[in-house]
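Notes follow the structure.
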Number of protein chains: 4
Amino acid sequence: MAEATEPDRADTAILLVSCPDRRGIVAALSQVLFGRGANILDADQHTDPQAGQFFQRIRFDLTGLAGDRAALEVAIADVAGRYDMTWSLHYGDHRKRIAVFVSRYDHCLYDLLLRARSGELAGDLVLVVSNHPDLEPVAKQFDLPFHLVPITKHNKASQEAKEIALLEEERVDLVVLARYMQVLSPGFIERFPSRIINIHHSFLPAFIGGRPYHQAHERGVKLIGATAHYATTDLDEGPIIEQDVSRASHRDTVAELVRRGRDLERVVLARAVRWHLEDRVLAYGRKTVVFE
Amino acid sequence: MAEATEPDRADTAILLVSCPDRRGIVAALSQVLFGRGANILDADQHTDPQAGQFFQRIRFDLTGLAGDRAALEVAIADVAGRYDMTWSLHYGDHRKRIAVFVSRYDHCLYDLLLRARSGELAGDLVLVVSNHPDLEPVAKQFDLPFHLVPITKHNKASQEAKEIALLEEERVDLVVLARYMQVLSPGFIERFPSRIINIHHSFLPAFIGGRPYHQAHERGVKLIGATAHYATTDLDEGPIIEQDVSRASHRDTVAELVRRGRDLERVVLARAVRWHLEDRVLAYGRKTVVFE
Amino acid sequence: MAEATEPDRADTAILLVSCPDRRGIVAALSQVLFGRGANILDADQHTDPQAGQFFQRIRFDLTGLAGDRAALEVAIADVAGRYDMTWSLHYGDHRKRIAVFVSRYDHCLYDLLLRARSGELAGDLVLVVSNHPDLEPVAKQFDLPFHLVPITKHNKASQEAKEIALLEEERVDLVVLARYMQVLSPGFIERFPSRIINIHHSFLPAFIGGRPYHQAHERGVKLIGATAHYATTDLDEGPIIEQDVSRASHRDTVAELVRRGRDLERVVLARAVRWHLEDRVLAYGRKTVVFE
Amino acid sequence: MAEATEPDRADTAILLVSCPDRRGIVAALSQVLFGRGANILDADQHTDPQAGQFFQRIRFDLTGLAGDRAALEVAIADVAGRYDMTWSLHYGDHRKRIAVFVSRYDHCLYDLLLRARSGELAGDLVLVVSNHPDLEPVAKQFDLPFHLVPITKHNKASQEAKEIALLEEERVDLVVLARYMQVLSPGFIERFPSRIINIHHSFLPAFIGGRPYHQAHERGVKLIGATAHYATTDLDEGPIIEQDVSRASHRDTVAELVRRGRDLERVVLARAVRWHLEDRVLAYGRKTVVFE
């Protein structure tokens, strides 16, 4: 929502908090920020009465900050301690670093590359990883390093170790599975909790598993969907970030559903990635809070 | 699509055909109608290459008909024989007779009553059946006979027999399950093939079975849906006629999903009923062709 | 979002605030509430950088309130004074009183009556006003007083005076123009600023003025729309609260567009009314902030 | 809808017909095709009762054709003469040749290039024309000739003459204005009737003219739209082929509307282009018939 009169993104920070629901949380947080000269620009929160959990996203202006960031973090940590908060602080001058995993389909990769170039994403694509060589030219077109990591049933563990080393070396904040056709091992996934976003080409939980467009055609549904979710060790069961659908009819062949699905996958994945990069998503249990 | 220059609905007929796909079907049918002075107003068809099946809906004008309807039907039967067609002919001057089955929820019943009154439906509501007395006043408001048929696990067979007798006595063409909370027996369902429309309050095949809004809330989906389908002996597996969805978010409680779902159920059921009444729906296997 | 663990609506209040954007507003407001034992349940705010305006909606729990409501209001007024705020406080134990104005179309009236009965609306329909007798039976069905106020070009001023007297006598908080086919005079409208909601049967600002469905058909648009807005003295120019659209095609006659439009009008008007009743809408200039 | 059992697209043809509405048209056309051994695969038609016009799209299989194409065309011309038809015949083995006109925005160009590459379009991009050099690298990435034709108020006529010569030399069937920021002269437009598709970044007829996203933001609409239409000499008044919308809220700045609008423009333009390439669109007066 940047506008002329707004501070630069680089001068803002976002505080994400979740904790057991109690009285006075909102006041306590706004007070500690106000006391430090951090002007709140936006604050959104949510309470899940069933889980008894409180969630908040506060975006604030750092330009008037009294003291340094370390001091601010100490002050926040102090409040967090009192309220038993899980919290993370995201400074606008750190742009998240993104790795895109692909196989043979290029539509999601192209979409992310173009959005990044047009400045839509609050983060930078830093590398492309693939188990197939097919999309190397696409990465090259956009001057992005392309890492070919072929995977067989025998070398999976060692190849994933390579990928993890690469991600850590490149200080990657977010992994995007852009129609990556390999199942990541639990070890890989647990290494990046709520930091791996996958696009599934169905309206989950319908058509879990393989060939969802074939399943949809077989079942004769009148809508097809796509789902972006955080990858967890339960395949297709991770917290859903975004979903959308498109109409289908008896006239649509599987090929036509696949074609239309590409448009869905693109926009659904892009929204999820953008929201994550803007620190709008909090995952808890099998769910997400998305502060749009 | 009735307009000034169009013949009255009463002067039109609709021919629904399905048969193995072959050359010359379209020409053969249009020719037999043309030869009898039946002017084609609309024709729509579909071929399912996998099933090798051909489907067609032809709406034509009877005002110039040479000879009587019997003669026309003989001529059609002759072509149908040659092409191994399943066919049905629907005259515009016969308005379909509709029975609505309800339990305690009134939103779908009211919706159908109001649409019928406003002239939206090419059919007439002739009676309401319920296993609960709650909605009798609603039926009365609209001067519609209300039949209370309470169902227990012990009297189900005999009560369904009563209902069937009632439907036949009233020459009912279509049964609409408007949030009717009883499972019909296979015997009942097989009595009215592709003539019972049910509204399911989820985006089938997601959340099959009970309490779909609770399931949706539990799973944290970002869209909720509703599905209208022909009732078959496989619960929730009947051919889907129409589906639609509405956005959901972490803010939505189950109560809120239920509320929003009512709007979905209303419009999805109404579309399915309207299309069926206009002879736009052909069911085959687990699928439907909907000639919108 | 009422849930088991939430306070009853009657024990909550909503504070709506708008003021010039400045530092510390959020902290100041949350502090005054916290200081008075009012626990914030939800807070949402928005800054319009162009207008330099800040807007906030705070929903809080009154059960722990220290002192009485008057004292709370004094405390809020004090902060409001310092920040030059326009504010309003809405107690959950006051249900807003709604008057529905209609002419001959019944679909929006029925829709509001059914939503009120099913408990969807945080307010009570208290009377129906119409310039035609046609819908009196509908009001009667729902035991609602019906006031026939026929309007001619000669008696408009005196008849509007009667209506205003009626609204004040009945302490009406919100007037809903549910396809009311009369233009209200500026005097009437200015009497109820941001308290009259109208449903316009087009996607404003397209097809301003009369017969929008005819205009839409004439223009060959592929979507039709409906718009709910606050009535202002500039016809069809009031702040838009909600809009939605539905697909149209070359097959749709004006009659079909009108039919589909009824569904749109219903849901769009209902959303706008619900949001207003829940104190989610702040109008400023030609725009609204809707805290969904 | 190509499937295994279907003839190759190259072995099919599409007949588009429009004529005054009369009895027997459908029979006459299906008969002439049947008589020539052309098996009808799909036929769709529409009657506009107000205009008294009949429209039909027939897709048929050429593999069993008795005699050559010339003979078929003679036979069709004969029927066409009797019914005063305007008709065109499109053979599947001729792929339409497309020129894309752009200025500085790359999103629609990239989208068309990627769809063409993925085989979505029943036509070939053959050249890119621009009044700015900016997008030459994009065209080059996809090995497409890029023609820079800068336009000033003084050289417009001569530059357009160059463009027309280029289009004719390249035997271009369709011109796509993919956010081309120049107004074409009437002379240019009349040269390619119903063969120039433009994408307008608003929900026409709302926000005609410049800076529609600014207009939308200014007006506070809750939906933004995009419109694909055939270019005519009345700016923004051409027959609409497709439209779609996306939700907007008070939180959306103009920049955000522009960003979301890019997604809309992409899909709306792509649908219109695809339908045109598949000979599904018939323009008449200010309207289109789209045989989806």
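Of the beta bridges in the range C:20-154, as assigned by DSSP with both residues counted there, near 50 percent are antiparallel.
Semi-axes of the equivalent ellipsoid for the range B:170-232, please: Cα gyration tensor eigenvalues, times 5, square-rooted, ordered largest first, whole Å. Result for the range B:170-232: semi-axes of 27, 11, 9 Å. Here the sum of -39500 (n - 2.57) over DSSP H runs of 4 or more residues, divided by the residues of chain D, equals -10000 deg cm²/dmol at 222 nm, to the nearest 500.
Using the Cβ of B:LEU121 as centre and a radius below 10 Å, the other residues enclosed give a net charge of +2, where K and R count +1 and D and E count -1.
Take the Kirkwood radius over Cα pairs of the range A:1-125, plug it into Stokes-Einstein at 37 °C and 0.692 mPa s, and you get 199 µm²/s for translational diffusion. Calculate the mean, over all residues of peptide B:27-38, of how many other protein chain Cβ atoms lie within 10 angstrom of the residue's Cβ. Mean partner shielding for this stretch: 4.
Once you divide the Cα radius of gyration of the range C:204-292 by 2.2 N^0.38 Å, the number left is 1.15. Summing charges over all other residues whose Cβ lies under 12 Å from the Cβ of D:ASP236, with Lys and Arg as +1 and Asp and Glu as -1, gives 0. For the range A:3-45, the calculated P(r) over all alpha carbon pairs, in 10 Å bins from 0 to the bin holding the longest distance, is 21, 52, 22, 5 percent. Taking both sides together, the accessible area buried where A meets C is about 2000 Å² for a 1.4 Å probe. Take every DSSP beta bridge whose two residues both sit in the protein assembly as shown; close to 70 percent of them are antiparallel.
Cα centroid separation, the range C:81-157 to the range A:77-100: 48 Å.
Secondary structure note: in chain A, about 70% of the DSSP beta bridges are antiparallel. With all pairs of different C-alpha atoms in the average, the Kirkwood value for the hydrodynamic radius of the protein assembly as shown is 32.6 Å. In the structure shown, the pairs A:LYS222/B:LYS222; D:LYS96/D:LYS153; A:LYS222/C:LYS222; A:LYS222/B:LYS153 are assessed against 24 Å; a Cα-Cα span above that value is assigned to D:LYS96/D:LYS153; A:LYS222/B:LYS153.
Among C:162-169, B:51-58, sorting by the average number of other beta carbon atoms lying within 10 angstrom of each residue, highest first, gives B:51-58, C:162-169.
For B:ASN39, the residues whose modelled amide H falls within less than 5 Å of its own, excluding neighbours fewer than 5 places apart on the same chain, are B:ASP61, B:GLY64. Counting pairs of Cα atoms in the range B:1-73, how many percent are more than 16 Å apart? Cα-Cα pairs in the range B:1-73 separated by more than 16 Å: 51 percent. Kirkwood radius and radius of gyration were both taken over the C-alpha atoms of chain D, and their ratio Rg/Rh is 1.00. Just so you know, the Cα atoms of the range C:113-204 work out to an Rg and Dmax of 13.6, 41 Å.
One way to sum up the overall shape of the range B:137-177 is the equivalent ellipsoid from its Cα gyration tensor, whose semi-axes run 20, 15, 8 Å, largest first. Taking label points 7 Å from Cα along the Cα-to-Cβ direction, C:LYS162 and B:SER88 give a separation of 5.4 nm. The string of couplings for the range A:254-261 from the Karplus curve (6.51, -1.76, 1.60, θ = phi - 60°) is 4, 4, 5, 5, 4, 4, 5, x Hz, one whole number per residue in order, with x for Gly and Pro. Note on the range D:39-85: Rg/Rh from Cα positions, Kirkwood definition for Rh, rounded to two decimals, is 1.05. Once the Cα atoms are used to define both axes, helix C:69-83 deviates from the longest principal axis of chain C by about 90 degrees. A:LEU166 sits among other residues whose Cβ lies under 13 Å from its own Cβ, and their net charge, with Lys and Arg +1 and Asp and Glu -1, is -1. Regarding the range D:237-286, what's the average projected area of the Cα-atom convex hull, expressed in nm²? Its average projected convex-hull area is 4.3 nm². Pairwise Cα distances in the range C:103-158 exceed 19 Å for 32 percent of all pairs.
Percent of Cα pairs in the range A:57-149 per distance bin of 10 Å, from zero to the largest separation: 13, 34, 19, 20, 14, 1. Translational diffusion of the range B:211-252 was estimated from the Stokes-Einstein equation, with Rh taken as the Kirkwood radius over Cα pairs; at 37 °C and 0.692 mPa s the coefficient is 284 µm²/s. The calculated P(r) of the range D:145-286, using every Cα pair and 10 Å bins from 0, goes 11, 39, 33, 16, 2 in percent.
Taking the 1.4 Å solvent-accessible surface of the protein assembly as shown as the whole, the part contributed by carbon and sulfur is 52%.
Using R0 = 35 Å, the C-beta based FRET efficiency linking C:SER118 and C:VAL74 works out to 0.35.
Can you figure out the FRET efficiency of B:ASP134 with C:LYS153, using R₀ = 41 Å and their beta-carbon distance, to the nearest 0.05? Working from the Cβ atoms, E equals 0.30. Once backbone amide H atoms are built at 1.01 Å from N, D:VAL129 has D:VAL100, D:PHE101, D:VAL102, D:HIS147 as its partners under 5 Å, excluding neighbours fewer than 5 places away on the same chain. The phi-based Karplus calculation (6.51 cos²θ - 1.76 cosθ + 1.60; θ = phi - 60°) puts the 3J(HN,Hα) values of the range C:145-155 at x, 10, 10, 8, 10, x, 10, 10, 5, 8, 9 Hz, whole numbers, x for Gly and Pro. Annotation: per residue accessible area for the protein assembly as shown equals 37 Å², rounded to a whole number [probe 1.4 Å, protein chains only].
The values are calculated or read from the model by the stated rules, or taken from the named source; none is laboratory data. The structure presented is a predicted model; accordingly, all values stated were derived computationally and were not measured. So basically every Cβ, Gly included, is an ideal-geometry build from the backbone, and we count neighbours across all protein chains shown. Side chains are part of the model used for accessible areas, which takes the heavy atoms of the whole protein and leaves out ligands, DNA and RNA. Shrake-Rupley method; radii C 1.70, N 1.55, O 1.52, S 1.80 Å.
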